[in-house]
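The values are calculated or read from the model by the stated rules, or taken from the named source; none is laboratory data. Remember, it's a predicted structure, so these values are computed and weren't measured experimentally. Quick reminder, even Gly has a Cβ in these numbers, built from the backbone with ideal geometry, and neighbours come from all protein chains shown. For the accessible areas, the whole protein counts, side chains as well, though only heavy atoms, and no ligand, DNA or RNA atoms are used. Shrake-Rupley method; radii C 1.70, N 1.55, O 1.52, S 1.80 Å.
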Amino acid sequence: IDLLDRMPAPYGLIRYGVAPDHPRIKGIVRALHRVMHKPEIRFLGHIEYGVDIKLDALHRHYAAVLFATGADKDRVLEIPG
């Protein structure tokens, strides 16, 4: 399994947006470490879909392609108070 990510390092929100000292977050990090350190998993960072690689190239090399997305910056909700 290849995990392609626009960010240079794995773990997304856990690494880039959540305080690491929360006990529940530490449990999630441990679980992710167990998965990401399996020899069947390969992380390929700093790859932007649509720029560095396109869907037709992914289909040529992989039997299945799964996209997982999230917000890359804060967004104002425009809710008073």
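Residues in the range 46-58: is at least one among the aromatic types (Phe, Trp, Tyr) and open to solvent by less than 100 Å² (accessible area, probe 1.4 Å)? Taking every residue of the range 46-58 in turn, none turns out to be among the aromatic types (Phe, Trp, Tyr) and open to solvent by less than 100 Å² (accessible area, probe 1.4 Å).
Applying the set (1) open to solvent by less than 80 Å² (accessible area, probe 1.4 Å); (2) at pLDDT 90 or above to Gly70 leaves exactly one unmet item: (2).
Tell me, please, whether a residue that is under 21 Å from Pro8 (Cβ atoms) and open to solvent by 100 Å² or more (accessible area, probe 1.4 Å) can be found in the range 28-36. No, every residue in the range 28-36 fails to be under 21 Å from Pro8 (Cβ atoms) and open to solvent by 100 Å² or more (accessible area, probe 1.4 Å).
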